[in-house]
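Notes follow once the structure below has been shown.
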Amino acid sequence: MKNENRNVRHTYSDAFSHSALNRCEYLLHSPHSAWHMAIYTTSHSFHLTLNTHTSFFLTNFQYSVITLILSFLHNTQNFSLLSTMPEAPRDYNLLEKNKKTLDFIEDVTSNADQVQKKVLQQILSLNANVEYLQRYGLNGQTDRDTFKKLLPVVSYEDVQPDINRIANGDTAPILCSKPISEFLTSSGTSGGERKLMPTIEDELERRSLLYSLLNPVMSQFAKTLGGIVARPVLTSYYKSSSFRNRPYDPYTNYTSPNETVLCPDSYQSMYSQLLCGLCQNKEVMRVGAVFASGFIRAIRFLEKHWTLLSNDIRTGTINSLITDTKVRESVMKILKPEPKLADFIQTECSKSSWQGIITRLWPNTKYVDVIVTGTMSQYIPTLDYYSNGLPLVCTMYASSECYFGVNLNPLCKPSDVSYTLIPTMCYFEFLPVNRTNGVSDHSLQTPRSLNEKEQKKLVELVDVKLGQEYELVVTTYAGLYRYRVGDVLKVAGFKNKAPQFNFICRKNVVLSIDSDKTDEVELQNAMKNAVTHLVPFDASVSEYTSYADTNTIPGHYVLYWELSLNGLTLIPPCVYEDCCLTIEESLNSVYRQGRVSDKSIGPLEIKIVEQGTFDKLMDYAISLGASINQYKTPRCVKFAPVVELLNSKVTSSYFSPKCPKWFPGHKQWVNQN
């Protein structure tokens, strides 16, 4: 086993399709698990992992992480490109390394409160003289009580002026005593604005630490095998010396040469790394992506380009569309003529059905490493279709603001995924969220600063209650203080004294016309109910988003649907109308009251858009400078150009034919008075 571990190689390629718009939902995956976890960034990627220890990871900075994680078998040929990869030290002991890491997890979770207290003291001591803390009169004090009394809980809009000063070249210690080395971009999906999250060099070490936890955790379950650059979070890692000069680790050596990983052209990076993965198809042990939607988009890329890829494998040459000299040279060290393999790929990809295509092309694949929590859960049936029901593994929770925690039970069911927050990463606080009976309170609206009464509700990491939902608030080493991340989490359990959370939703995805408030969880559940009407026609919704249209009187909800039509029977308009009504019936009583009684909300509308519309939405995000690493389809849009783009692709529209059911809760009591 030790010898096999020494042969591990991974490949990254964050290249993939086009565009990115959303923020990191930020359950990142990464290259440190015993079964070869791959680093991702928030959003689309595709990866495969090879038998016995080597990974192929597709990644392109401005686009998505498409990862093929390949594990080379013990007797696999030693490609010449591997000389550029870190080699295992002679005294390398994986089992001992894993034990130390697991002991670290035990220690910090057992002493979570003490660790958190120390983290806050360190952050405040290091940054004692920065403008931001001086502005609120902290004056070097590092105790929790003073910190909470003086520092407000803030949103991005509150700190944006300070961030803009730094971005515009102000070198004063505004937020952090250490120089801001770069900004990590986090796209504002609904508003169309990309957020800039400051980071410092030291933060890469903390993120590398979290990555390093994944391999030992996975090994317990899978023993068989101004002048500052703004970048996506994963781009930051790939372009750092931490990646280029990384020490040996079985799960951070990649099959794809660095040249393909660092290629700035998404198509070339994606293509070349998929090519490397297909060349070694029998070695692949896992597949996956950051977000499920990215995995599926990667499959679409393969569907479009498999003929070119198989031809390259047949002839042992690389397509002329790949023009980057360094990429061509590095790939040609791996590529050789393999007509039989090319025939195999052609046979499988030419079949009418792509069901099980992952296990057909990469027969030794053991699991799918992909985020399927939150709204990504809608893609689970599609993932099962392509993978023949392989286990779906979510490994890590992170964002542009900070990395947070890991899944200590990575082979659990998607519905059971929870993340253990690692107390050393930042200082955590939690704002209780009330979502009684599906109706969200004000705290689920777009993040904002809190008043004094609201701030007193925040609790410490070790004081959260089982079953309660909270909004995550963090204080980071890089200069964010009591910052509202925008994620809603639910306490699912505890690892020693550290809580474990289910990811519930993003706060800033909210539809509202009047007094109604519809969050993404409620919308997702309504969608699940509605699409059952399409099943008899062998149709499904491949992508969707929503919009609160207030241009009409009264305003109304609009859903944009892109369909996947497999059946031959035309879907009649009444079916879409039934879908509209089902969605309305599934929404909360405040919405239904607005429709039925108050007449403050108009009939819900479904607009069917052309095939490829949501790809164009990604393209538009890319044109704004966003990264596909952070992309997942926005579930609510507000930005006018995005709405215009969607409306330009509408082929038909349908309205709810009648009002949903609604019964006033206190009608008799009201009449009596």
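The values are calculated or read from the model by the stated rules, or taken from the named source; none is laboratory data. The structure presented is a predicted model; accordingly, all values stated were derived computationally and were not measured. Glycine also receives a Cβ, built like all others from the backbone with ideal geometry; neighbour counts cover every protein chain displayed.
Below are the figures for this structure:
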| quantity | calculated |
| --- | --- |
| The lone exception for I601 - which of (1) surrounded by fewer than 20 Cβ atoms within 10 Å (Cβ to Cβ); (2) assigned to a loop (DSSP other than H, G, I, E, B) it fails | (1) |
| Qualifying positions in the range 311-350 - surrounded by 14 or more Cβ atoms within 10 Å (Cβ to Cβ) and either touching a strand residue (DSSP E or B) at 6+ places or on another chain (Cβ under 6 Å) or within 28 Å of P381 (Cβ to Cβ) (or both) | F344, I345, Q346, E348, C349 |
| Odd one out for K336 among (1) part of a helix (DSSP H, G or I); (2) at pLDDT below 95; (3) more than 30 Å from M218 (Cα to Cα) | (1) |
| Residue list for the range 132-152, filter: within 33 Å of the chain's Cα centre (by Cα) and farther than 9 Å from Y481 by Cβ | R144, K148 |
| Check on M218, modelled with pLDDT of 50 or more, in contact with a Leu (Cβ under 6 Å, 6 or more places away or on another chain) and surrounded by 23 or more Cβ atoms within 10 Å (Cβ to Cβ) | no |
| Among the residues listed as L458, L480, the single one being within 30 Å of F639 (Cα to Cα) and modelled with pLDDT under 95 | L480 |
| Top-ranked residue in the range 376-422 [being surrounded by fewer than 24 Cβ atoms within 10 Å (Cβ to Cβ), closer than 22 Å to L523 by Cβ and of a type in the set (S, T, N, Q); ranked as nearest to the chain's Cα centre (by Cα)] | S377 |
| Filtered residues of the range 349-375 (kept if assigned to a helix (DSSP H, G or I) and not small (G, A, S)) | C349, I357, I358, T359, R360, L361, T375 |
| Condition check for I357: of a type outside the set (K, R) and surrounded by fewer than 24 Cβ atoms within 10 Å (Cβ to Cβ) | yes |
| Out of Y267, Y251, sole residue that is out of contact with any Phe, Trp or Tyr (no Cβ under 8 Å at 6 or more places or on another chain), at pLDDT 75 or above and closer than 30 Å to G374 by Cα | Y267 |
| Qualifying residue in the range 613-628 (condition: under 23 Å from F655 (Cα atoms) and at pLDDT 85 or above) | yes |
| Test: residue in the range 296-318 that is in a loop (DSSP other than H, G, I, E, B), touching a Leu at 6+ places or on another chain (Cβ under 7 Å) and not aromatic (F, W, Y) | yes |
| Among the candidates A530, A526, residue that is under 21 Å from P572 (Cβ atoms), crowded, with 19+ Cβ neighbours inside 10 Å and either of a type in the set (V, I, T) or touching a helix residue (DSSP H, G or I) at 6+ places or on another chain (Cβ under 6 Å) (or both) | A530 |
